[in-house]
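I have placed the structure first, in the form of structure tokens, so that the comments after it can refer back to it.
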């Protein structure tokens, strides 16, 4: 069985947060007609407080590089690039270079921040263009880096590809647990565990009243204690907040500040919407009707996933009483 | 292919976007950052649609029509989103309707009415931002800019890159660059591609009445070849409608006594340029020769490629020649002190506002032209004075500086200068009447055209370029292969002057095509179609431009290497 069939059988989904079928992504690049192809490992890890890709890269760099090399060989790609967050580049570039050896894989230190985790912005960054998302279609699988078919997969995805190649994949994923808890860190756990069980199994279930933010410290959703029976399905992370000790307005402001700083200002709803919410919070003049309208248009009409996702943390946090 | 838009079955071509199909079928889908000349950006988020089977809202500019698609363009969700996005846009656009280039054409205001927008819902975050002046030509009011980035793209296409994006207080803005290695060439393409009137020509429209003010002066108007095929658009006429005589009558209705036609100046440019071409071809000197009647192109060479300055023809542009003749030949004839004459050129161009300030064009210390109005400014002036160009009775322009050949009219379209010069050069070299008058190979709107023209026993290799993107490619080619061409016409704006930065908006390839067609139709109907047969021109050569010295003074100029002029 070739690697693509194995991936298909495994039902592996991308671990960057969007959960897209890895099989379909590979297939699209494989079927793309242009003969020059690229493979990119996304190690931008931009979500606040999440460190699972950094953890995998420090602990299992061989497996990640092997996964990439499998993709390069299978797709007959010209080159592979590991796109690294500057901290990871500083810490791991020497080790990675040594590990890569003479395989056609190079390292790229990301020059921007949050938005560069978005795959088309990442491509623009490598090409030296303005760091903003690209229009889709064409999708990167058809026209990506330098307009060539490009496979962009997350660090964790490549890690599991090497596992799958060795028939060693047991439907697990990596989760960073952070926030108000003692046993924080990154854990590898079965996919089907509920959030409750993840916290319990890792000895992170608080004794105090708490709420959590899942799937990233910026765009992730906030959940109250009663809603933790569901599974994680985005960027693997759980951040725990002590209800009593957390100033929710401050937390809201911190998230909005982050988006205000990190968004690219390309499209009207995200640029203006985030600015207006930021102003309202700054001036302590919050009008719920206006916020609702802004989040509505950002969610429905933003150009990229950043703008579309702003309403998730904001609405869910504002709903916590 | 058949698609359904708002329950209406529509047949459409492959490859068109849903927005284009909708607009082709008169379905009103609003869009601000969309411009048919530019790439699809999807920045304004106004052209929203819903597609059956695909959840969420989509932008119709970026989605290609596919067989069987079922599209809605105005659901409650779409309308709500558009309303909020418009309110956000008004929160970054300083409203100054009383002095706006777009006046009654403002898309923002039209949409505000349709979507019942509360334009004051958000406090204007740009109210205090600055206006930047690019020389005597262009003004960018950054307090009106909605960050659609059309200007950035069009200026990049012009190989100028004068606009850039800068982050200030955590939010990106469009600003003119401070880079001393870049300078505005005043072409004004940013103006005709800005959807909200944030960029305009200097003087639009607060100073439109100014040229009529000088008392105790003889006010003389002269209008450019191209505007006769475009100004009608401002009065509800179709693009390309010819209004030469109405234009003369309407200018007189402003109280102006003398109206001349710059097409005569164009005939002089042609004759002088043909002479220079023949001379350079025989001496094989400074070839290829470049046209120099487009001041934005001249600025581009003087600033970005000064090594090519010797290639520019030294012949002045048409309105500078005719302006010079007004203040010399005509002044003498009418016994008026040239200092008491105030010449106003109506031009399709913003760079002409800069050209008239060039010290090299002065004659005895006087500027040949005192003021330049854009096509838009003149239209505004007519409207302000309640003159309707569409129904005024036409009158001929004044003699003698109004008579012209067909060649003088086609100057306004890309390839026109080349064709006019070829008609005359052909006769000069062959010494006989032209057997062929039309050089259709140099016509048309494509950015780059080339042809080998056989004149007697020689092949003259010519090229015609419009738009600076193509121009730069050609200049780079010439660096490698200087003998690739003998004669090249360059126009900075797409389509030549008919697509100029001073022309009516909105503009697209169809408008430009229609305007060019209008100009060629005049030429075809003209009895005199070659510049050197123009009787008024012949008379002036015979009685006034009698020696080299005076010809040089009125018809020729110089150029020089430039440092950045625009101060920010």
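The values are calculated or read from the model by the stated rules, or taken from the named source; none is laboratory data. Quick caveat, the model's predicted, so the values are computed rather than measured. Cβ placement follows ideal geometry from the backbone for every residue including glycine, while neighbour counts extend to all protein chains displayed.
Just a few scattered comments:
- Looking only at segment B:358-395, and only at residues there that are out of contact with any strand residue (DSSP E or B) (no Cβ under 7 Å at 6 or more places or on another chain) and assigned to a strand (DSSP E or B), the one that is farthest from residue B:314 (Cα to Cα): B:366
- For segment B:217-233, the count of residues that are away from chain A (no Cβ under 14 Å), assigned to a loop (DSSP other than H, G, I, E, B) and farther than 28 Å from residue B:468 by Cα is at least one.
- Counting the residues of segment B:305-342 that are part of a strand (DSSP E or B) and closer than 28 Å to residue B:277 by Cβ gives 2.
- Number of the exception - residue A:195 against (1) surrounded by 21 or more Cβ atoms within 10 Å (Cβ to Cβ); (2) over 20 Å from residue A:117 (Cα atoms): (1)
- From B:385, B:391, residue being without any contact (Cβ under 8 Å) to a residue 60 or more places away in the chain, surrounded by fewer than 19 Cβ atoms within 10 Å (Cβ to Cβ) and in the same structural domain as residue B:477 (by TED's automatic domain parsing): B:391
- Members of segment B:264-290 found to be surrounded by 24 or more Cβ atoms within 10 Å (Cβ to Cβ) and in contact with a strand residue (DSSP E or B) (Cβ under 6 Å, 6 or more places away or on another chain), listed by number: B:269, B:272, B:273, B:277, B:289, B:290
- Of all residues making up segment B:213-241, the number that are out of contact with any strand residue (DSSP E or B) (no Cβ under 7 Å at 6 or more places or on another chain) and within 17 Å of residue B:252 (Cβ to Cβ): 3
- Failed item in (1) within 14 Å of chain B (Cβ to nearest Cβ); (2) over 22 Å from the mean Cα position of the chain (by Cα); (3) surrounded by fewer than 17 Cβ atoms within 10 Å (Cβ to Cβ), with residue A:209 passing the rest: (1)
- Residue in segment A:247-270 that is surrounded by the most Cβ atoms within 10 Å (Cβ to Cβ), counting only those that are under 21 Å from the mean Cα position of the chain (by Cα), assigned to a helix (DSSP H, G or I) and at the interface with chain B (Cβ under 7 Å from one of its Cβ atoms): A:260
- Search result, residues across segment A:291-303 that are at the interface with chain B (Cβ under 8 Å from one of its Cβ atoms) and not in a loop (DSSP other than H, G, I, E, B): A:293, A:294, A:296, A:297, A:300, A:301
- Residues of segment B:396-426 satisfying the condition of being within 14 Å of residue B:229 (Cβ to Cβ) and in a loop (DSSP other than H, G, I, E, B): B:413, B:414
- Sole residue being farther than 26 Å from residue B:377 by Cα and at pLDDT 95 or above, chosen from B:170, B:161, B:150: B:161
- Matching residues, segment B:44-60, being assigned to a loop (DSSP other than H, G, I, E, B) and either surrounded by fewer than 24 Cβ atoms within 10 Å (Cβ to Cβ) or away from chain A (no Cβ under 13 Å) (or both): B:52, B:53
- Failed criterion for residue B:17 (all others in (1) modelled with pLDDT of 95 or more; (2) more than 13 Å from every other protein chain (Cβ to nearest Cβ) hold): (2)
- The set of residues in segment B:29-43 that are facing chain A (nearest Cβ under 9 Å), out of contact with any strand residue (DSSP E or B) (no Cβ under 8 Å at 6 or more places or on another chain) and over 13 Å from residue A:268 (Cβ atoms) contains only B:39.
- The set of residues in segment A:228-246 being surrounded by fewer than 15 Cβ atoms within 10 Å (Cβ to Cβ) and touching a helix residue (DSSP H, G or I) at 6+ places or on another chain (Cβ under 9 Å) consists of A:229, A:230, A:231.
- Here residue B:476 clears all of (1) more than 22 Å from residue B:34 (Cα to Cα); (2) surrounded by fewer than 17 Cβ atoms within 10 Å (Cβ to Cβ); (3) modelled with pLDDT under 95 except the condition numbered (3).
- Selection status of residue A:121, loosely packed, with under 15 Cβ neighbours inside 10 Å and not in a loop (DSSP other than H, G, I, E, B): no
- Those residues of segment B:269-291 which are more than 17 Å from residue B:415 (Cα to Cα) and touching a residue at least 40 places away in the same chain (Cβ under 8 Å), in sequence order: B:272, B:275, B:278, B:281, B:287
- Qualifying residue in segment A:274-281 (condition: under 27 Å from residue A:179 (Cα atoms), assigned to a helix (DSSP H, G or I), at pLDDT below 95 and more than 9 Å from chain B (Cβ to nearest Cβ)): no
- Candidate set: segment B:133-182, residues that are assigned to a strand (DSSP E or B) and away from every other protein chain (no Cβ under 14 Å); chosen: the one nearest to residue A:279 (Cα to Cα): B:141
- Screening segment A:9-110 for helices (runs of 4 or more DSSP H) wholly inside it with 3 or more residues that are within 29 Å of residue A:252 (Cα to Cα) and in contact with a helix residue (DSSP H, G or I) (Cβ under 9 Å, 6 or more places away or on another chain) returns the ranges A:52-59.
- Hey, residue B:75 modelled with pLDDT of 95 or more, more than 35 Å from the chain's Cα centre (by Cα) and either within 14 Å of chain A (Cβ to nearest Cβ) or closer than 19 Å to residue A:137 by Cα (or both) or not: yes
- Every residue from segment A:207-220 that is in contact with a strand residue (DSSP E or B) (Cβ under 6 Å, 6 or more places away or on another chain) and farther than 12 Å from residue A:47 by Cβ: A:208, A:210, A:211, A:212
- Filtered residue count, segment B:131-147, keeping only those that are closer than 20 Å to residue B:350 by Cβ and out of contact with any strand residue (DSSP E or B) (no Cβ under 8 Å at 6 or more places or on another chain): 3
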